[in-house]
Amino acid sequence: MTRINFNLKLCSISILTIFSLNSWAQEQAEFIFEQISENVYRAANNSHRTALLLTEEGVILADPINAGFATRLKQEIAERFGVPVRFVLYSHHHWDHASGGAVFADTATFVGHENMLTQLALPSAGTPLPRGAVDLDADGNGQIERAEAEGAYASNFDLYDYDSNGSLSGAEATRGPLNEVRKPDITYAEKMSVTLGGKTVEMVFTGVHTHTDDMSVIVFSEDRVGFMVDFISIQRPPRFIQGDQPIETWIEGIEIVEAQAFDTAVGGHGNYAEANFVTLFREYIEKLRDQVAAGIAAGQSNEQLQEAIHMEEYADWIS
Ligand SMILES: [Zn+2]
């Protein structure tokens, strides 16, 4: 579920996505593997997608998604191509895209933006329980014991419990369910090229305020395919945007993606389509911003804005 909040004071828009982690876990895993260009393939696990490049020396894979999917994908790649995965390139640190990389650790080198390391590290010991966890702390001891956990904390308790001691500290609850995300071996700051078997994949940092602060767009250069996750949706309205996000830096991040050399845009969710759908997505954000600004100027409240703005011209996009 996605809720759009209009922050009247800051004249900015933030979009909060309320994850239904339980429903993801309960879905029957659907595995899809399809060729989308000469050497690039797309693989899907339920609503999550990744992309990979086949070379004579092995595979360069984007997000591993999770351990079950990665195991299935490793088998599929071995059977189809008889080559190992040599690189795993992370779009960003979020557990629902970045988990399960350990499956490929016997043959692969892992690459991500340098801010991934900070995101995967445990915050300092004195970190208080985050807002959503405070109410669960029935005994008021500053920890969420397994019996107190509800929602995502309950369904992913072991992925939160960094030290496996059966209770979540403020630091663990703040860090998130990241225990199955393997750290990158190599990090970069602005741009990085990964080459294998005579082919190149570019990773480009999209700026500090695009969904997370460690977001990369991944471009398979020879096949002119771009892979982008969560802060750009292909043929669908914005989703999976967490927390407060300045809209202008979000747009700047999309423009960085638009400046890359690719003809086909593959989303971490949803469709793949011609690259101009990235531009259409930016225009959606800009139109939404402008309508909100006009409403604010006319003195409308948050509720009135949410009631009034429908973006009908995008009704044929996936909801
Ligand atoms: Zn994400």
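The values are calculated or read from the model by the stated rules, or taken from the named source; none is laboratory data. Note that this is a predicted model, so its numbers are computed, not measured. Positions of Cβ are backbone-derived with ideal geometry, glycine not excepted, and every protein chain shown enters the neighbour counts.
Overview of values
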item	result
Residues that are of a type outside the set (S, T, Y) and either surrounded by 19 or more Cβ atoms within 10 Å (Cβ to Cβ) or within 16 Å of the ligand (Cβ to nearest atom) (or both), drawn from the range 226-236	G226, F227, M228, V229, D230, F231, I232, I234, R236
Residue list for the range 292-316, restricted to those being exposed (fewer than 15 other Cβ atoms within 10 Å of the Cβ), over 29 Å from I234 (Cβ atoms) and hydrophobic (A, V, I, L, M, F, W, C)	A297, A298
Enumeration of residues in the range 164-196 that are charged (D, E, K, R) and touching a Ser or Thr at 6+ places or on another chain (Cβ under 8 Å)	E180, D185
Residue that is nearest to L52 (Cα to Cα), among those in the range 68-84 that are without any contact (Cβ under 8 Å) to a residue 40 or more places away in the chain and among the hydrophobic types (A, V, I, L, M, F, W, C)	I77
Within the range 90-122, tally of residues that are within 15 Å of the ligand (Cβ to nearest atom) and of a type in the set (A, V, I, L, M, F, W, C)	4
Options A125, A149, A78: the member that is in a loop (DSSP other than H, G, I, E, B), loosely packed, with under 14 Cβ neighbours inside 10 Å and either aliphatic (A, V, I, L, M) or within 16 Å of the ligand (Cβ to nearest atom) (or both)	A125
Residue match in the range 197-213 (condition: within 15 Å of the ligand (Cβ to nearest atom), without any contact (Cβ under 8 Å) to a residue 60 or more places away in the chain and in contact with a strand residue (DSSP E or B) (Cβ under 7 Å, 6 or more places away or on another chain))	yes
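To keep it simple, each residue is scored yes or no on (1) among the acidic types (D, E); (2) assigned by TED's automatic domain parsing to the domain that holds P64; (3) within 16 Å of the ligand (Cβ to nearest atom); (4) within 22 Å of H113 (Cβ to Cβ).
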residue: R224; (1), (2), (3), (4): no, yes, no, no
residue: E255; (1), (2), (3), (4): yes, yes, no, yes
residue: E258; (1), (2), (3), (4): yes, yes, no, yes
residue: N271; (1), (2), (3), (4): no, yes, no, no
residue: A294; (1), (2), (3), (4): no, yes, no, no
residue: A297; (1), (2), (3), (4): no, yes, no, no
residue: Y314; (1), (2), (3), (4): no, no, no, no
residue: W317; (1), (2), (3), (4): no, no, no, no
